[in-house]
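The values are calculated or read from the model by the stated rules, or taken from the named source; none is laboratory data. Predicted model, so just to flag it, every value in this text is computed and none were measured. Counting neighbours? That spans all protein chains shown, and the Cβs are built from the backbone with ideal geometry, glycine included. When the accessible area is computed, the model is the full protein with side chains, heavy atoms only, and any ligands, DNA or RNA have been set aside. Shrake-Rupley method; radii C 1.70, N 1.55, O 1.52, S 1.80 Å.
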Amino acid sequence: MSIPFQWPAAYAPAIQPPVDLREGALWFVFRGAELLVAAGPGAATLPHCNHPNTLGMMVLGEQHCFSAELAADAVAPQGWIWQGLRALFGVLDEAQFALAGRALQIVDWDRTHQYCGACGRTTAARTSERSRECPGCGLVAYPRLAPAVMGLVRRGKELLLARSPRFPKDMYSALAGFVEPGETLEQCLEREVYEEVGIKVRNVRYFASQPWPFPHSLMIAFFADYCSGEIRVDGAEIEDAKWFNVKNLENLPRLPARISIARRLIDAAKGEMLAS
(Lines give C-alpha, C1' and ligand atoms only; values in the text may rest on other atoms or scores of the structure.)
Protein backbone atom coordinates (compact mmCIF):
# COMPACT_ATOMS: atom_id res chain seq x y z
CA MET A 1 0.00 0.00 0.00
CA SER A 2 1.38 3.41 -0.96
CA ILE A 3 1.35 6.16 1.67
CA PRO A 4 2.52 9.28 -0.21
CA PHE A 5 4.23 12.16 1.52
CA GLN A 6 1.83 15.08 1.87
CA TRP A 7 2.52 18.72 2.59
CA PRO A 8 0.22 20.30 5.18
CA ALA A 9 -3.14 21.11 3.53
CA ALA A 10 -2.88 24.79 4.43
CA TYR A 11 0.68 25.20 3.08
CA ALA A 12 1.61 27.43 0.13
CA PRO A 13 5.00 28.63 -1.17
CA ALA A 14 5.64 32.36 -1.48
CA ILE A 15 8.23 34.55 -3.20
CA GLN A 16 7.41 38.14 -2.20
CA PRO A 17 7.12 39.24 1.46
CA PRO A 18 3.74 40.56 2.61
CA VAL A 19 3.17 44.31 2.39
CA ASP A 20 1.78 44.51 5.92
CA LEU A 21 2.94 41.87 8.39
CA ARG A 22 0.85 42.58 11.44
CA GLU A 23 1.04 39.17 13.03
CA GLY A 24 4.35 37.69 14.15
CA ALA A 25 5.83 35.38 11.54
CA LEU A 26 7.17 31.92 12.21
CA TRP A 27 10.93 31.64 11.73
CA PHE A 28 13.11 28.70 10.76
CA VAL A 29 16.56 29.85 11.88
CA PHE A 30 19.48 27.57 11.02
CA ARG A 31 23.10 27.26 12.06
CA GLY A 32 24.37 24.95 9.38
CA ALA A 33 21.89 22.04 9.47
CA GLU A 34 20.73 22.76 13.03
CA LEU A 35 17.42 24.49 13.76
CA LEU A 36 16.85 26.98 16.59
CA VAL A 37 14.08 25.73 18.89
CA ALA A 38 12.84 26.19 22.43
CA ALA A 39 12.75 22.66 23.79
CA GLY A 40 10.14 21.58 26.31
CA PRO A 41 8.96 18.23 27.70
CA GLY A 42 8.20 16.14 24.62
CA ALA A 43 7.77 19.18 22.35
CA ALA A 44 9.63 22.03 20.68
CA THR A 45 8.59 25.50 19.52
CA LEU A 46 9.93 27.89 16.88
CA PRO A 47 10.72 31.60 17.29
CA HIS A 48 8.25 34.30 16.22
CA CYS A 49 9.21 37.74 14.89
CA ASN A 50 7.55 40.50 12.87
CA HIS A 51 10.54 41.37 10.68
CA PRO A 52 10.20 39.61 7.29
CA ASN A 53 12.91 38.68 4.83
CA THR A 54 12.70 37.38 1.27
CA LEU A 55 14.44 34.04 1.71
CA GLY A 56 12.60 30.78 2.18
CA MET A 57 9.15 32.34 2.35
CA MET A 58 6.14 30.10 2.97
CA VAL A 59 2.60 30.44 4.25
CA LEU A 60 1.05 27.94 6.67
CA GLY A 61 -2.65 28.64 7.04
CA GLU A 62 -2.68 32.40 7.56
CA GLN A 63 0.76 32.53 9.17
CA HIS A 64 3.76 33.73 7.19
CA CYS A 65 6.97 31.74 7.59
CA PHE A 66 10.56 32.74 6.85
CA SER A 67 13.95 31.09 7.00
CA ALA A 68 17.33 32.53 7.91
CA GLU A 69 20.88 31.35 8.54
CA LEU A 70 23.28 32.45 11.28
CA ALA A 71 27.05 32.08 11.49
CA ALA A 72 28.57 28.70 12.31
CA ASP A 73 29.65 29.95 15.76
CA ALA A 74 26.29 31.59 16.64
CA VAL A 75 25.26 30.97 20.25
CA ALA A 76 21.62 30.14 20.98
CA PRO A 77 19.78 32.67 23.21
CA GLN A 78 18.98 31.64 26.76
CA GLY A 79 16.19 29.05 26.78
CA TRP A 80 16.85 28.01 23.18
CA ILE A 81 18.99 25.27 21.63
CA TRP A 82 20.36 24.23 18.24
CA GLN A 83 18.92 20.87 17.18
CA GLY A 84 19.29 18.67 14.08
CA LEU A 85 16.10 17.91 12.16
CA ARG A 86 16.32 14.15 12.64
CA ALA A 87 16.18 14.62 16.41
CA LEU A 88 13.10 16.83 16.05
CA PHE A 89 11.00 14.20 14.27
CA GLY A 90 7.97 13.52 16.46
CA VAL A 91 8.93 16.44 18.74
CA LEU A 92 8.25 19.42 16.50
CA ASP A 93 4.71 19.98 15.22
CA GLU A 94 4.21 17.77 12.13
CA ALA A 95 3.38 20.62 9.74
CA GLN A 96 6.26 22.71 11.06
CA PHE A 97 8.64 19.76 10.73
CA ALA A 98 7.71 19.37 7.06
CA LEU A 99 8.30 23.07 6.44
CA ALA A 100 11.60 22.96 8.34
CA GLY A 101 12.90 20.43 5.83
CA ARG A 102 11.91 22.69 2.96
CA ALA A 103 13.45 25.73 4.65
CA LEU A 104 16.74 23.89 5.20
CA GLN A 105 16.99 23.04 1.50
CA ILE A 106 16.27 26.65 0.48
CA VAL A 107 18.85 28.05 2.90
CA ASP A 108 21.49 25.58 1.69
CA TRP A 109 20.76 26.38 -1.96
CA ASP A 110 20.85 30.15 -1.40
CA ARG A 111 24.18 29.95 0.44
CA THR A 112 25.84 27.91 -2.31
CA HIS A 113 24.54 30.00 -5.23
CA GLN A 114 25.63 33.51 -4.24
CA TYR A 115 27.96 33.56 -7.26
CA CYS A 116 27.45 32.58 -10.88
CA GLY A 117 28.86 29.17 -11.77
CA ALA A 118 29.65 30.35 -15.31
CA CYS A 119 31.28 33.77 -14.91
CA GLY A 120 31.70 34.21 -11.15
CA ARG A 121 29.65 37.40 -10.72
CA THR A 122 27.39 37.93 -7.71
CA THR A 123 23.88 36.64 -8.38
CA ALA A 124 20.62 38.30 -7.38
CA ALA A 125 17.35 36.76 -6.19
CA ARG A 126 14.56 36.97 -8.76
CA THR A 127 11.17 38.28 -7.66
CA SER A 128 9.00 36.21 -10.02
CA GLU A 129 10.12 32.75 -8.91
CA ARG A 130 12.50 31.03 -6.52
CA SER A 131 15.76 31.40 -8.40
CA ARG A 132 18.94 33.47 -8.57
CA GLU A 133 20.10 35.20 -11.75
CA CYS A 134 23.51 36.42 -12.88
CA PRO A 135 23.34 40.08 -14.02
CA GLY A 136 26.33 39.48 -16.25
CA CYS A 137 25.69 36.37 -18.36
CA GLY A 138 22.04 35.80 -17.45
CA LEU A 139 22.52 32.30 -16.02
CA VAL A 140 19.56 31.36 -13.80
CA ALA A 141 20.07 28.93 -10.89
CA TYR A 142 17.14 27.10 -9.33
CA PRO A 143 17.06 25.18 -6.05
CA ARG A 144 18.93 21.91 -6.42
CA LEU A 145 17.11 18.61 -6.35
CA ALA A 146 18.90 15.26 -6.60
CA PRO A 147 16.54 12.34 -7.38
CA ALA A 148 17.45 9.08 -5.67
CA VAL A 149 15.71 5.76 -6.21
CA MET A 150 15.10 3.22 -3.44
CA GLY A 151 14.15 -0.37 -4.21
CA LEU A 152 12.87 -3.08 -1.87
CA VAL A 153 13.28 -6.47 -3.57
CA ARG A 154 10.82 -9.23 -2.67
CA ARG A 155 11.21 -12.99 -3.19
CA GLY A 156 8.27 -15.02 -1.89
CA LYS A 157 8.06 -14.16 1.81
CA GLU A 158 11.57 -12.71 1.86
CA LEU A 159 12.90 -9.15 1.67
CA LEU A 160 16.36 -8.26 0.41
CA LEU A 161 17.96 -5.85 2.89
CA ALA A 162 21.49 -4.53 2.78
CA ARG A 163 23.96 -2.75 4.97
CA SER A 164 26.18 0.18 4.00
CA PRO A 165 29.42 0.93 5.88
CA ARG A 166 27.93 4.36 6.64
CA PHE A 167 24.92 2.92 8.50
CA PRO A 168 24.61 2.82 12.29
CA LYS A 169 25.67 -0.45 13.91
CA ASP A 170 23.58 -3.49 12.86
CA MET A 171 21.17 -1.48 10.67
CA TYR A 172 19.92 -2.87 7.34
CA SER A 173 17.74 -1.12 4.77
CA ALA A 174 16.47 -1.19 1.19
CA LEU A 175 18.93 -0.53 -1.62
CA ALA A 176 19.18 3.00 -3.03
CA GLY A 177 21.19 5.17 -5.37
CA PHE A 178 21.16 8.44 -7.31
CA VAL A 179 19.72 8.69 -10.81
CA GLU A 180 22.27 9.13 -13.61
CA PRO A 181 21.73 11.59 -16.51
CA GLY A 182 19.56 10.08 -19.25
CA GLU A 183 18.31 7.30 -16.98
CA THR A 184 14.70 6.47 -16.09
CA LEU A 185 13.81 5.76 -12.47
CA GLU A 186 13.19 2.11 -13.31
CA GLN A 187 16.53 1.78 -15.09
CA CYS A 188 18.26 3.37 -12.10
CA LEU A 189 16.70 0.88 -9.71
CA GLU A 190 17.65 -2.11 -11.88
CA ARG A 191 21.21 -0.82 -12.29
CA GLU A 192 21.76 0.00 -8.62
CA VAL A 193 20.48 -3.36 -7.37
CA TYR A 194 22.63 -5.27 -9.86
CA GLU A 195 25.75 -3.16 -9.24
CA GLU A 196 25.51 -3.34 -5.46
CA VAL A 197 24.37 -6.93 -4.83
CA GLY A 198 24.41 -8.78 -8.19
CA ILE A 199 20.64 -9.38 -8.29
CA LYS A 200 18.40 -8.78 -11.31
CA VAL A 201 14.83 -7.62 -10.68
CA ARG A 202 11.53 -7.39 -12.53
CA ASN A 203 8.03 -5.96 -12.05
CA VAL A 204 9.19 -2.61 -10.68
CA ARG A 205 6.27 -0.66 -9.17
CA TYR A 206 6.03 2.72 -7.51
CA PHE A 207 5.39 3.02 -3.75
CA ALA A 208 5.82 6.67 -2.67
CA SER A 209 8.26 9.59 -2.58
CA GLN A 210 9.73 11.74 0.16
CA PRO A 211 11.65 15.03 0.15
CA TRP A 212 14.88 14.36 2.04
CA PRO A 213 16.59 17.60 3.07
CA PHE A 214 20.02 16.14 3.92
CA PRO A 215 20.79 18.25 2.02
CA HIS A 216 18.64 18.27 -1.16
CA SER A 217 17.40 14.86 -2.27
CA LEU A 218 14.06 13.50 -3.43
CA MET A 219 13.70 9.82 -2.49
CA ILE A 220 11.48 7.81 -4.87
CA ALA A 221 10.67 4.36 -3.51
CA PHE A 222 9.68 1.23 -5.42
CA PHE A 223 8.92 -2.40 -4.85
CA ALA A 224 10.56 -4.92 -7.19
CA ASP A 225 10.40 -8.70 -7.53
CA TYR A 226 13.43 -10.98 -7.63
CA CYS A 227 14.30 -12.22 -11.13
CA SER A 228 17.67 -13.97 -11.00
CA GLY A 229 21.16 -14.01 -9.51
CA GLU A 230 22.91 -14.71 -6.22
CA ILE A 231 23.88 -12.06 -3.68
CA ARG A 232 27.32 -10.63 -4.48
CA VAL A 233 28.02 -7.40 -2.59
CA ASP A 234 30.22 -4.80 -4.23
CA GLY A 235 32.26 -4.26 -1.04
CA ALA A 236 32.21 -0.48 -1.42
CA GLU A 237 28.67 0.87 -1.24
CA ILE A 238 27.40 -2.33 0.38
CA GLU A 239 29.26 -4.47 2.93
CA ASP A 240 26.53 -7.06 3.54
CA ALA A 241 23.15 -8.10 2.11
CA LYS A 242 20.75 -10.88 3.10
CA TRP A 243 17.29 -12.30 2.44
CA PHE A 244 15.09 -11.90 5.52
CA ASN A 245 11.91 -13.92 5.99
CA VAL A 246 9.11 -11.64 7.18
CA LYS A 247 7.46 -14.55 9.03
CA ASN A 248 10.33 -14.53 11.53
CA LEU A 249 10.05 -10.95 12.70
CA GLU A 250 12.35 -11.52 15.67
CA ASN A 251 15.18 -12.27 13.25
CA LEU A 252 14.83 -9.01 11.36
CA PRO A 253 17.75 -6.59 11.82
CA ARG A 254 17.68 -3.07 13.16
CA LEU A 255 15.62 -1.07 10.69
CA PRO A 256 15.80 2.60 9.55
CA ALA A 257 14.12 5.26 11.68
CA ARG A 258 10.40 5.87 11.18
CA ILE A 259 11.15 9.33 9.77
CA SER A 260 12.44 7.70 6.57
CA ILE A 261 10.59 6.40 3.55
CA ALA A 262 12.82 3.31 3.79
CA ARG A 263 11.06 2.31 7.00
CA ARG A 264 7.62 2.97 5.53
CA LEU A 265 8.55 0.87 2.51
CA ILE A 266 9.71 -2.05 4.66
CA ASP A 267 6.73 -1.86 7.02
CA ALA A 268 4.27 -1.76 4.11
CA ALA A 269 5.89 -4.82 2.52
CA LYS A 270 5.89 -6.74 5.80
CA GLY A 271 2.23 -6.02 6.38
CA GLU A 272 1.19 -6.94 2.86
CA MET A 273 3.26 -10.14 2.72
CA LEU A 274 2.12 -11.39 6.13
CA ALA A 275 -1.52 -10.75 5.22
CA SER A 276 -1.33 -12.69 1.95
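General remarks:
- Rg/Rh (Cα only; Kirkwood hydrodynamic radius) as it applies to the range 132-276: 1.04
- Shown for the chain are the DSSP H helices of 20 Å or more along their axis, judged by Cα atoms, with a mean Kyte-Doolittle hydropathy of at least -1.0: 94-112, 261-275.
- FRET efficiency, 1/(1 + (r/R0)^6) with R0 41 Å, evaluated for Val233 and Ala275 via beta carbons: 0.85
- Scanning residues 5 or more positions from Gly198 or on other chains, those with amide H under 5 Å from its amide H are Arg232, with H placed 1.01 Å from N in the peptide plane.
- Hits among lysines - C-alpha to C-alpha of Lys169 under 26 Å, sequence gap 8 or more where chains match: Lys157, Lys242, Lys247, Lys270
- For the chain, the fraction of C-alpha pairs farther apart than 26 angstrom is 52 percent.
- Residues whose placed amide H lies under 5 Å from that of Trp212, excluding near-sequence neighbours: Ser217, Leu218, Met219
- Heavy-atom accessible surface of the chain: percent carbon and sulfur, 1.4 Å: 53 percent
- Here Lys200 is the anchor, and the aspartates and glutamates within straight C-alpha reach of less than 13 Å, apart from those fewer than 8 places off in the same chain, are Glu186, Glu190, Glu192, Asp225, Glu230.
- Cleavage-rule hits, chymotrypsin sites (Phe, Trp or Tyr not before Pro), the range 88-126, DSSP coil, Cβ neighbours within 10 Å at most 11: none
- Contact order relative to length of the range 77-164, as percent, for alpha carbon pairs under 8 angstrom and 6 or more apart: 15 percent
- When you filter the trypsin sites (Lys or Arg not before Pro) in the range 175-274 for DSSP loop state and at most 14 other Cβ atoms inside 10 Å of their Cβ, you are left with Arg232, Lys247, Arg258.
- Karplus-derived HN-Hα couplings along the range 207-219 (A = 6.51, B = -1.76, C = 1.60, θ = phi - 60°), whole Hz, x at Gly and Pro: 10, 5, 10, 8, x, 10, x, 10, x, 7, 9, 10, 8
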